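Asker: Dumping the structure here so I can ask a few things about it.
The values are calculated or read from the model by the stated rules, or taken from the named source; none is laboratory data. Nothing here was measured: the structure is a model prediction, and the numbers come from that model. Every residue, glycine as well, gets a Cβ built from its backbone with ideal geometry; the counts of neighbours run over all protein chains shown. Note: areas computed on protein heavy atoms with side chains; ligands, DNA, RNA excluded. Shrake-Rupley method; radii C 1.70, N 1.55, O 1.52, S 1.80 Å.
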Amino acid sequence: MNWMQAVEKTVTGLQYELVDVERSAGGLLRVTIDRIPGQSYPTGEHEFVTVEDCEAVTRQLQYLLEVENVDYARLEVSSPGLDRPLKTPAHFARFTGQLVQITLKLPFQGRKKYQGTLLAADAGEGWRLVFTEGKVEQALDFSFDEIREARLVPVLDFKGRRKAAPAPAAPADTTDGGQQE
């Protein structure tokens, strides 16, 4: 087993998804992880990767890399961020229905970059991106092999997460003829 497979086995063994592994000049080893929906984590119930998640994975990877005698200067474990890259067909399947930006390897109708809603193609193979050009809704069908890069489009909501409105309370029993102050 090579060190990349060992990293993947360690990350998935901790119940995280391995999104990406980068090795750059200067000895930086960057590992990107994500939480798997529906999975329970000892670091708490959160939708997104926490600092504690990164620390737990870092500890395990430091031990693994030492045992495997992997030469690196610095290890960085992080979340994929709001503009999460989609690197595998499984990522595309997981984020179907989401707003994504894709860059094609070869231009289609004079351009390579498109942004829209990711759907499974009607034929059952490949993917479809539904986007609006001017006021006209269009669809672009493509295969995974035609993609150079794909990322989620960050959807920012500065008002925080929306919670369901509380159920209306039962009418209060009033002693002043039904009037409340």
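Asker: Only one of these is under 18 Å from Val31 (Cα atoms), open to solvent by less than 80 Å² (accessible area, probe 1.4 Å) and out of contact with any strand residue (DSSP E or B) (no Cβ under 9 Å at 6 or more places or on another chain): Leu86, Leu64. Name it.
Answerer: So the residue among Leu86, Leu64 that is under 18 Å from Val31 (Cα atoms), open to solvent by less than 80 Å² (accessible area, probe 1.4 Å) and out of contact with any strand residue (DSSP E or B) (no Cβ under 9 Å at 6 or more places or on another chain) is Leu64.
Asker: Hey, another quick one. Among the candidates Leu18, Leu82, single out the residue that is of a type in the set (A, V, I, L, M, F, W, C), in a strand (DSSP E or B) and under 23 Å from Val155 (Cα atoms).
Answerer: Going through Leu18, Leu82 in turn, the sole match is Leu18.
Asker: Next question, about the same structure. Give me the pairs, please: first residue somewhere in the stretch 74-87 and in contact (Cβ under 8 Å) with a residue 12 or more places away in the chain and at negative phi, second residue anywhere and of a type in the set (Lys, Arg) and assigned to a strand (DSSP E or B), beta-carbon distance under 6 Å, and either six or more positions apart or on two chains.
Answerer: Glu76/Arg30; Asp83/Arg151; Pro85/Arg151
Asker: Any idea which residue in the stretch 21-55 is most open to solvent (accessible area, probe 1.4 Å), counting only those that are touching a strand residue (DSSP E or B) at 6+ places or on another chain (Cβ under 9 Å) and either in a helix (DSSP H, G or I) or among the polar types (S, T, N, Q) (or both)?
Answerer: In this case the residue turns out to be Glu55.
Asker: If you don't mind, there's one more thing I want to ask. Can you tell me which residue is most open to solvent (accessible area, probe 1.4 Å) among those in the stretch 89-125 that are basic (Lys, Arg) and in a strand (DSSP E or B)?
Answerer: Within the stretch 89-125, the match that is most open to solvent (accessible area, probe 1.4 Å) is Lys113.
Asker: I'd like the residue in the stretch 145-181 that is at pLDDT 90 or above and in contact with a Ser or Thr (Cβ under 8 Å, 6 or more places away or on another chain) and, out of all such residues, is most open to solvent (accessible area, probe 1.4 Å).
Answerer: Arg148
Asker: Among the residues of the stretch 36-53, is there at least one that is out of contact with any Asp or Glu (no Cβ under 6 Å at 6 or more places or on another chain) and closer than 14 Å to Val21 by Cβ?
Answerer: no
Asker: Can you list residue pairs whose Cβ atoms sit under 6 Å apart, with the first residue in the stretch 146-159 being touching a residue at least 60 places away in the same chain (Cβ under 8 Å) and the second being basic (Lys, Arg)? Count only pairs 6 or more apart in sequence or on different chains.
Answerer: Every condition considered, the pairs that remain are Leu152/Arg84.
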